[in-house]
Amino acid sequence: MAETDLAELEGRSSGDRTFMYVLYGLHTLAWFSAGMLAVIAVVLNYIKRGDEQDPLYVMHHNYMISTFWWTLLWLVITAPLWLVFFFPGAAAYFIIWLWYLYRCVRGWLRFADGRPPR
């Protein structure tokens, strides 16, 4: 996919860009709120994605939504590790947290550069 020209993004209101930054921020800080900020953010992602015309913004909404659902899936799959002992569960959740943080920061930085998330 071709890189998006930053001049195209200038046509967007600064509120649209700020809203995307807020969504990325909510996703990034979600672990400190037991996931509640991520739930709020993903609901907002779904709402805004339906009204979005710009393909770059749609891609970033989809990226945040898929990151949320894949993270939730891996948390559910690895939850039984907590029954084995503390360390396996903690290690699995730490790895999932690192992956989630990486995806959030990577997407946020690519959005700031006007590039698609992938």
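Quick note: the coordinates plus some simple rules give every number you see, no bench work behind them. If you're wondering where the values come from, they're calculated on a predicted model, not measured in any experiment. All Cβ positions, glycine included, derive from the backbone under ideal geometry; neighbour counts span all protein chains shown.
Centroid-to-centroid, using Cα positions, the stretch 74-93 and the stretch 14-45 are 25 Å apart.
Largest GNM mean-square fluctuation among Ile96, Ile40, Ile77, using the chain with Cα springs under 10 Å: Ile77. Classification of the chain by its C-alpha gyration tensor yields a prolate form. The axis ratio a/c (a ≥ b ≥ c) is 1.5 or more, and a/b outweighs b/c. Using C-alpha pairs under 8 Å with a sequence gap of at least 6, the mean separation divided by the residue count of the chain gives a relative contact order of 32 percent. Summing +1 for each Lys or Arg and -1 for each Asp or Glu among the other residues whose beta-carbon sits under 15 angstrom from that of Ile65 gives +2.
The label-point distance for Ile77 and Phe32, in a model that sets each label 7 Å from Cα toward Cβ, rounds to 2.9 nm. With K and R counted +1 and D and E -1, the other residues having a Cβ less than 12 Å from that of Arg103 yield a net charge of +3.
Relative to the longest principal axis of the chain, what angle (0 to 90°, nearest 10) does the C-alpha long axis of helix 14-28 take? Helix 14-28 sits roughly 10 degrees off the main axis of the chain.
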